[in-house]
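Values quoted throughout were computed directly from the atomic coordinates according to the rules given, and no laboratory measurement underlies them. Not measured: the values here are computed from a predicted model. Methodologically, a virtual Cβ is constructed for each residue, glycine included, from the backbone with ideal geometry; neighbour enumeration extends over all protein chains shown.
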Amino acid sequence: MLVSEHPDMLMEVARGYCKATKPQDYIESFKTFIVQNKETIEALNIVCTRPSELNRESLKELRLILDQNGFNEVSLKTAWKNATNQEIAADIIAFIRTLALNVSLVGPQQRVKNAIDRVRQMHNWNAVQTKWIDRFEDQLVAELVLTKDDLNKSPFIDNGGYDRINKIFNYKLDEVIQTINTYLYSA
């Protein structure tokens, strides 16, 4: 066992960003990764070109690939805050689309609100339909994705799933889902 008698002294406190030392370098390396791989990684291509087709599996695959390459939401949020002095509750999709397409960085709650506002404007919804729209909004804030298949899973299946909800929406549920997914990621 080694024992030292000299006093300890703090020399420096620094935040590391994977292989980068500066937050700007980390963000730039993430942007480079996106640009170089958006044609070869299908999930990344979907986020950049057809975000309305994004599903849970694609999102899970994308997060895994990004994590394996040293990119995750926590590090991106920290680097973004330190580089821009702007704290934003953005998700991985927002960062990708911002850096790949030069669109404004918008947090998930605001994106969901914008998409749900579009749905609310589609029709004069009744009280039951409005409650379902509110449930869709809550689900999107939690999961970032809402597809027809999701409506046959928890928490929606407990209330009859897609078929029952479609009936409540006068068989226009596909139109509602399409509107949500179209405007969820519009610039």
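Before moving on, here are some points about what is shown:
- Values of log10 I(q)/I(0) for the stretch 89-171 across q = 0.21 Å⁻¹ run -1.00, by the Debye formula with one identical scatterer at each alpha carbon and no solvent.
- Normalised alpha carbon radius of gyration of the chain [divisor 2.2 N^0.38 Å]: 1.30
- Distance from the stretch 89-134 to the stretch 21-44 (C-alpha centre basis), Å: 24 Å
- Karplus (6.51, -1.76, 1.60) ³J(HN,Hα), θ = phi - 60°, over the stretch 26-37, in Hz, Gly and Pro reported as x: 5, 4, 5, 5, 5, 4, 4, 4, 4, 4, 6, 10
- Additional length obtainable on full extension of the chain from residue 122 to residue 65, 0.36 nm per residue less Cα span: 16.8 nm
- Residues listed by number, the stretch 70-100, amide nitrogen under 16 Å from residue 110 label point at 7 Å toward C-beta: 77, 80-81, 84-99
- Nearest-20 debye value, the chain charge dipole, Cβ charges on Lys, Arg, Asp, Glu: 600 debye
- Kirkwood-Stokes translational diffusion coefficient of the stretch 23-101, alpha-carbon pairs, 20 °C, 1.002 mPa s, µm²/s: 170 µm²/s
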